[in-house]
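A.B. asks: Have a look at the structure that comes next, please.
Please treat every number below as a calculation from the coordinates, not as lab data. Everything numeric here is computed off the predicted structure, so don't read it as measured data. Virtual Cβ from ideal backbone geometry, glycine too; neighbours counted across all protein chains shown.
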Amino acid sequence: MLKRRMDKGRPVIDGILNLNKFTDATSMDMVRIVKRLTRVKRVGHAGTLDPIATGVLPICFGQATRLMEHLVDGIKGYRAEVTLGVATDTYDVEGTVVGESDPSAITRSQVEALLPVFLGSIQQQPPMYSALKHEGKRLYALARAGVEVERSTREVWVGRLELLEWSLPTMSIEAECGRGFYMRTLAQDIGTALGCGAHLSKLVRLRTGSMDIEEAVSMEEFEAAVNDGSWEHLLEPPDAAVKTLSAISVGQSAEHHLRNGQPVSGGAPDASIQHLEARRAYSGDGRFLGLVRFNRAQNQWQPEKLFDLPLPSRYAPSQP
């Protein structure tokens, strides 16, 4: 159980809610609902989902907000429904139709042969209807005003694309990708390559970083848990955001030095560790202390980001 602290009558909670976002709401709408239900002030989300999308939206509380970038930077998994034959200005079902074509001649084998083009490190142009900025203004604001600007392509990474279902004019695709990849743009690019146009009609985020949809909690379940006072049990500890990193344990003296911003002896770590590679650091009793990096030249662990958490974590390394 996470320890409850109070600040001016509000509970102070440190943890991560793996929320299954519903449709027709923004990611910030989810944050506002969670804040209203819990009365917790320091809350943020780790990775925007478009209103049409559902699925994994990590909601970070308290000190866990300092680790949000590790979730945002993590590998994402998506299941997308793409509708062929109709192109829209937003590249998704919410946009205005800008082109229509008969896709009946397109075959499954054509799509399967096309998908590998989008694998690996590729260049992708962000859509106009996005939260990116141009000269200080959001692209979607410019688009709504009828203004289109040049957008530079960006390098993004795609690790897997698999065609799951085929039922013209729709098809279902699963993808694994890195930060900055737009599934809407993938749908648009597939339609362009096939010569029939396409748009994203449904999207589910299956995972982001260490958070998976199998463990995600619906807003209805979360609200019920708030009402019966058990909602804190639904939260993962803050170090869940970095649980894919290897971990070390340190003694009391080393903990004191780290908390004072001082490096501590490396003590002959694994020879495979890279210079300045990050590790999770824990106290002898299993409290998550924060992130450290190994300076190989000096054989020292350097503190990077420290936390003040009162209880042992389930992700602490086992003691010998």
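A.B. asks: For a quick protection proxy, order the peptides 81-89, 21-29, 68-76 by their average other-Cβ count within 10 Å, most packed first.
C.D. replies: Going from most to least packed, we get 81-89, 68-76, 21-29.
A.B. asks: Let me ask something else. Within 10 Å of each residue's Cβ, count the other Cβ atoms and sort THR54, THR153 from fewest upward.
C.D. replies: THR153, THR54
A.B. asks: Still on this structure, I have one more. Considering the options HIS257, HIS233, PRO103, tell which one lies farthest towards the positive end of the dipole of the chain, charges being +1 on Lys and Arg and -1 on Asp and Glu at the Cβ, about the Cα centre.
C.D. replies: Value computed over the given set: HIS257.
A.B. asks: When the helix-only estimate is applied to the chain (DSSP H runs of n ≥ 4, each -39,500 (n - 2.57), divided by the residue count), what is the mean residue ellipticity at 222 nm, nearest 500 deg cm²/dmol?
C.D. replies: After summing the helix terms and dividing by the residues of the chain, the value is -5000 deg cm²/dmol.
A.B. asks: Any chance you could check the Cα centroid distance between the stretch 54-76 and the stretch 219-244 for me, in angstrom?
C.D. replies: 13
A.B. asks: Using the alpha-carbon atoms, what tilt in degrees (0 to 90, nearest 10) does helix 27-38 show relative to the longest principal axis of the chain?
C.D. replies: 40
A.B. asks: Let me ask another. Which value, to two decimals, describes the C-alpha radius of gyration of the stretch 245-306 once divided by 2.2 N^0.38 Å? Could the numbers behind the result be given before it?
C.D. replies: Working: Rg = 10.3 Å, N = 62, 2.2 N^0.38 = 10.6 Å.
Normalised by 2.2 N^0.38 Å, the Cα Rg of the stretch 245-306 equals 0.98.
A.B. asks: Using only the alpha-carbon atoms, how far is helix 183-194 inclined from the longest principal axis of the chain? Give it as 0 to 90 degrees, nearest 10.
C.D. replies: Approximately 30 degrees, to the nearest 10.
A.B. asks: Please give the per residue volume of the convex hull enclosing the alpha carbon atoms of the stretch 83-197, rounded to a whole number of Å³.
C.D. replies: Working: hull volume 11.4 nm³, N = 115.
With only Cα atoms used, the stretch 83-197 gives 99 Å³ per residue.
A.B. asks: Please compute the Kirkwood hydrodynamic radius of the chain from all pairs of different C-alpha atoms, in Å with one decimal.
C.D. replies: 21.8
A.B. asks: Please compute the length gained on full extension between ASP29 and THR107, using 0.36 nm multiplied by the number of residues separating them and subtracting their Cα-Cα distance.
C.D. replies: Here the answer is 24.1 nm.
A.B. asks: Can you count the Lys pairs in the chain whose Cα atoms are under 19 Å apart, with each pair 8 or more apart or on different chains?
C.D. replies: Summing the qualifying lysine pairs gives 10.
A.B. asks: Nearest 20 debye, what's the magnitude of the dipole of the stretch 245-306 about its Cα centre given +1 on Lys and Arg Cβ and -1 on Asp and Glu Cβ?
C.D. replies: Charge dipole, the stretch 245-306, about its Cα centre: 120 debye, nearest 20.
A.B. asks: Which whole-number percent is the relative contact order of the chain (Cα, under 8 Å, 6+ apart)?
C.D. replies: Values: 682 pairs, mean separation 64.2, N = 320.
Computed over the chain, the figure is 20 percent.
A.B. asks: With r as the distance between the Cβ atoms of HIS233 and ARG39 and R0 = 22 Å, compute the FRET efficiency 1/(1 + (r/R0)^6) and round to 0.05.
C.D. replies: After rounding, the FRET efficiency stands at 0.80.
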